[in-house]
Amino acid sequence: MSETKTSASTIGRQIINKYPDVQSQPLEDNKIELIVPGEKIRDVITMIDELLDDALPESAFGIDLENDQYNLIYIFWSYTNRILLQLRVALEGEKPEIDSVCDIFPGFEWHEREAREMFGIEFRNHPDPRLLLLPDELDGAYPMRKRFKTDQSRLQETGIKPPKPRPKPGGEDK
Amino acid sequence: MSPDILEDAMELWFGPQHVSAHGWAAKLTLVGDYVVECDPNAGYFHRSAEKVLEFKNFRQGALVLERMCMLEAFLAEYPYVAAVEKLAEIEVPERAKIMRTIMMELSRLHSVQFWWGQFNAELGFFTMALWPWVDREYTLDAFEELTGSRHTVSYASPGGVKYDFTDKVLTQINRAVNRFEDRLPKFRDMQMGSPTFRARTKDIGLYDVKQGLKWGLSGPPIKACGVPMDLRKDDPDPNLAYDMVDWEVPIIENSEHPGQSDALDRMEQRFKEAEVAVEIIKQLLPQLPDSGPIINPKARGKANRLPEGEAYGRVEGARGITTLWLKTQEKAQTAYRAKIRGPCIASYYALKDLVPGAKFADFIVIFGSLDPYPGWWDR
Amino acid sequence: MLQFDFFTWLAGIPDWIYGIIQWLFSIVSGIFYWIWGIIEYLWATVFLPANFFFLFRAILFPGLVFVILALIWAVWFTRKLWGRIQDRRGPVHLGKYGGLQLFADAIKLISKETIIPDNAKRWMFRLLPGLLLVVVLLPFAFIPWDTVSAVNGGWAIADLSVSLVLVFAFLTAVPVISLLAGWVSGSKYTLIGGFRAANNQFAAEIPMIISTVGAVFLARSLSLFDIAMAQTNVWFAILLPINLATFLLAAIASVGIFPFDAPVADSEIIFGWRTEYTGIHFTLTYFAEFAEQMLYSALIVALFLGGPNGLPFLPGPVNFIIKFLIVFFFFVLVSSSFQRLRQDQIVHYCWKYLLPLAMLNIIIVMLAVVYLPGLILPLLGVG
């Protein structure tokens, strides 16, 4: 573990000095957000691995901003330096692609699998691109996208009786 | 092992219907008694909580979260409430801070008692499985007196807490805590002094800190390596009362393999955690102000519609770092995106690397000591 | 043309009918007397004083019915004692102190559906649990319940000059039946459980049998009755304390209860070789486990604790039963205080610790008998 502490701004500055495409946005005192273009994600994460030797890969997930725009967020926590590092990647397209970072931080492997099945973001060179949480019939349905409607269209298949209509306020339902 | 041994390999599904697998499965490849490959399989417990959170308003969302892991119910719902409070900039009154902290430590105590009994039941030590569970009944009595429910406490609310500590609640908490403290030395003696227990858990499931961090392990499995990583000290939350108490991060002296932890260390570590939890509760109870609001009166209005933004609520759960990342749109009543990070993903993921090479009976010990709970990964 | 006199023929019909009735009557009375003869023969066989004496002992007390009732009592006792050790009470609802709980459980289990998996070999699957129970209950016939054997008017049932060997022959068959049961159940988990049971046998039976060799030396006979009778002056537990301990441990390992529970490890292999048995088959295997524990307790009492010798004012069987209760209590106590060991650790402990200790005590006894005859032999009551 590193004995000397660095601060989030130092790390941010070091990364931006090396990769000028990266932009930064401070969040709170020791937390920083970096906006990274998709092609540079492996380089930036390798650099984080070198700079912070006790970086914990906390989570990686996608966000569906509508109109085929996606954001992919990676969060790292270093406890000796008390730095929370959030990387944001903007992706777009029907099936966006990005490099996988599992070999650098193995803890992201299942996060990437889940992002793939829920949002449809393809991770290149991922060692195990199977479905993680979803049953087989939802393969390709990408449920966490905003256009996946959780309506009751398949209710007949389940055999559950549909709920009774709620009474309108102000009196009995005629 | 040479590759041609794999021709004798037997594929065994440590399936979802197994006494020790509480909702997950693993496909094991066995050669004789040794596990050669382990492929953990999640998804049997998937409840699409993140999608559900996009349809619940900000006071209901915590209830979805506490059902992710009922063993540490309050610790599970707290990140959501912390994120909402950050976005809406709600302050929490003093009495509520202390009550929250006491409840968190009680949940941690309950989680340790539950895991202790369950781990022993998996090892076949039924005597030691039931003894901590008797004490757990007293902790659950305290929960029931406070909130009316034993497991799904639904205690957190943005801006404070929902129920007040009455005298009966304080009596029950004191009873639970004192009973645990009285009986812990005897239990610890029976557990750690049992030669069969040491034979089963010594040097099983060794990993070191760097490996653990790369997997994403946090909480007791990392602290058992001798590393003082605790969010309560590293990332203190202004809405909790940990700074009013004089306490140290619970880590064990790991003299035999410093920097590494085996199953025995992880057991000892969880005893330490429970002891520190009890210490914190005992120091906080006298500091509870006699009267005062338990919830910020403006909280209800502010938590109705939140401004646009992103917030990240974190807590040191009983199993590790539990977080919730929240994104809202302007004047929305529900979350736009809520990402739940459970602490147990790393425990499952670590099985892929820890188990190959171990015997089949050790597989149970390894995952039991890592304390995985499928509710956190499958959500 | 023959003379056919119609009226003569008509007059002869009653005779003909009477003859047929006589014939039927003779058949019926013949059957009746035949059955009566069988009943008389059975009555004589059972209630002839000598035969009745023996059958009473073999079937009622201390024979089959007594052993089965003792088995039901043993399961109740185990559950209550485990309950108290685990800080709870055990069964309390049915009957005073939960005594009728076992009957309720037995009725419930017997009335459940027996499910036979597709992959199982059907007839072996059905046969093996019953065979297991029979094999475990048979050696109870050779336990010396009383100081006087049955032929001479006492309460012990039967005796052979090599009854110890016969008892062990039966007991050695038990893990083989477990292995077969795990194999024919057709599931990978049961197969693993069956292999572990065979491994347990490999580990534990040899120290167990060798532990009894000391008692055989001192009694100069392989018959259980003679071994029990040779302890009139001093119990072998005082002369062979290490063997008592190793026999107890090896017996626990051989039965397959904690801490040597690996064949039936219910959190690892979902009940091992017993997984697929339901209903009546499960009842038989469940009771077979407790019957084996009782059998080992009875063997310990007969081999090391003097059998029916004890307080002189109590009849033999009562002495035996008191000692049996104490030993059974120890069985349950030990098994509830330890957790399960891994299978290779079981083999390790049995072969590296129990076996040398058992042999050590035998060597000491052999040397004592040869070099200190003045000390040992009077204790045994032999000149």
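The values are calculated or read from the model by the stated rules, or taken from the named source; none is laboratory data. Bear in mind that the values here come from a model prediction, so they are computed numbers and not experimental data. Reconstructed Cβ throughout: ideal geometry from the backbone, glycine too, with neighbour counts over all protein chains shown.
Worth pointing out:
- In the range A:77-99 there is no residue matching the filter, namely being closer than 19 Å to residue B:353 by Cα and away from chain B (no Cβ under 12 Å).
- For the range C:179-200, the count of residues that are within 21 Å of the chain's Cα centre (by Cα) and closer than 21 Å to residue C:140 by Cα is zero.
- Qualifying residue in the range B:169-176 (condition: out of contact with any Asp or Glu (no Cβ under 9 Å at 6 or more places or on another chain) and at pLDDT 90 or above): yes
- Here residue B:23 clears all of (1) part of a loop (DSSP other than H, G, I, E, B); (2) in contact with a Cys (Cβ under 9 Å, 6 or more places away or on another chain); (3) of a type outside the set (D, E, K, R) except the condition numbered (2).
- Looking across the range C:246-271, the residues that are more than 14 Å from chain B (Cβ to nearest Cβ) and either under 16 Å from residue C:194 (Cβ atoms) or not polar (S, T, N, Q) (or both) come down to C:247, C:248, C:250, C:251, C:254, C:255.
- Number of positions in the range C:120-146 that are surrounded by 13 or more Cβ atoms within 10 Å (Cβ to Cβ) and either aromatic (Phe, Trp, Tyr) or not in a helix (DSSP H, G or I) (or both): 9
- With respect to the stated conditions, residue A:35 fails to be under 18 Å from the mean Cα position of the chain (by Cα) and either crowded, with 17+ Cβ neighbours inside 10 Å or facing chain B (nearest Cβ under 10 Å) (or both).
- Scanning the range B:146-195 for residues that are surrounded by fewer than 14 Cβ atoms within 10 Å (Cβ to Cβ) and among the basic types (Lys, Arg), we see that the one that is farthest from the chain's Cα centre (by Cα) is B:168.
- Residue within the range B:87-100 that is within 14 Å of chain A (Cβ to nearest Cβ) and either over 25 Å from residue B:333 (Cα atoms) or not in a helix (DSSP H, G or I) (or both) present: yes
- Some residue of the range C:158-166 being within 25 Å of residue C:123 (Cα to Cα), modelled with pLDDT of 80 or more and surrounded by fewer than 19 Cβ atoms within 10 Å (Cβ to Cβ): no
- Residue in the range A:61-68 that is more than 10 Å from every other protein chain (Cβ to nearest Cβ) and free of Cβ contacts under 8 Å to residues at least 12 places away in the same chain present: yes
- Criterion (over 23 Å from residue B:295 (Cα atoms), within 14 Å of chain C (Cβ to nearest Cβ) and either without any contact (Cβ under 8 Å) to a residue 60 or more places away in the chain or of a type in the set (Val, Ile, Thr) (or both)) met by exactly one of B:135, B:208: B:135
- Test result for residue B:32, within 19 Å of residue C:191 (Cβ to Cβ) and either small (Gly, Ala, Ser) or in contact with a Ser or Thr (Cβ under 8 Å, 6 or more places away or on another chain) (or both): yes
- Candidate set: the range C:1-56, residues that are in contact with a helix residue (DSSP H, G or I) (Cβ under 7 Å, 6 or more places away or on another chain) and aliphatic (A, V, I, L, M); chosen: the one farthest from residue C:158 (Cα to Cα): C:46
- The set of residues in the range B:350-368 that are part of a helix (DSSP H, G or I) and either of a type in the set (A, V, I, L, M) or under 15 Å from residue B:215 (Cβ atoms) (or both) comprises B:350, B:351, B:352, B:353, B:354, B:361, B:364, B:365, B:366, B:367.
- Of all residues making up the range B:218-243, the number that are of a type in the set (A, V, I, L, M, F, W, C) and within 17 Å of the chain's Cα centre (by Cα): 4
- Only one of the numbered conditions (1) within 14 Å of chain A (Cβ to nearest Cβ); (2) surrounded by fewer than 20 Cβ atoms within 10 Å (Cβ to Cβ); (3) within 30 Å of residue C:199 (Cβ to Cβ) is not met by residue B:38, and that is (2).
- One residue from B:332, B:338 being in contact (Cβ under 8 Å) with a residue 12 or more places away in the chain, surrounded by fewer than 18 Cβ atoms within 10 Å (Cβ to Cβ), in contact with a strand residue (DSSP E or B) (Cβ under 8 Å, 6 or more places away or on another chain) and among the hydrophobic types (A, V, I, L, M, F, W, C): B:332
- Residue within the range C:285-304 that is at pLDDT 85 or above, away from chain B (no Cβ under 14 Å) and not in a helix (DSSP H, G or I) present: yes
- Filter pass, residue B:228 being in contact (Cβ under 8 Å) with a residue 12 or more places away in the chain, within 14 Å of chain A (Cβ to nearest Cβ) and in a helix (DSSP H, G or I): no
- Among the residues of the range B:133-145, those identified as under 15 Å from residue B:116 (Cα atoms) and buried (at least 17 other Cβ atoms within 10 Å of the Cβ) are B:133, B:135, B:136, B:139.
- Checking each residue of the range C:307-315 against the condition of being away from chain B (no Cβ under 14 Å) and part of a helix (DSSP H, G or I) gives no match.
- Residue check for residue C:105: acidic (Asp, Glu) and in contact with a helix residue (DSSP H, G or I) (Cβ under 8 Å, 6 or more places away or on another chain): no
- Criterion (of a type outside the set (D, E, K, R) and crowded, with 24+ Cβ neighbours inside 10 Å) met by exactly one of B:83, B:88, B:49, B:9: B:83
- Test: residue B:64 is in contact with a helix residue (DSSP H, G or I) (Cβ under 6 Å, 6 or more places away or on another chain) and either surrounded by fewer than 20 Cβ atoms within 10 Å (Cβ to Cβ) or on the phi < 0 side of the Ramachandran plot (or both): yes
- Scope the range A:44-71; condition closer than 18 Å to residue B:336 by Cα and aliphatic (A, V, I, L, M); matching residues: A:60, A:63, A:65
- Conditions (1) surrounded by 19 or more Cβ atoms within 10 Å (Cβ to Cβ); (2) within 14 Å of chain B (Cβ to nearest Cβ); number of the one not met by residue C:331: (2)
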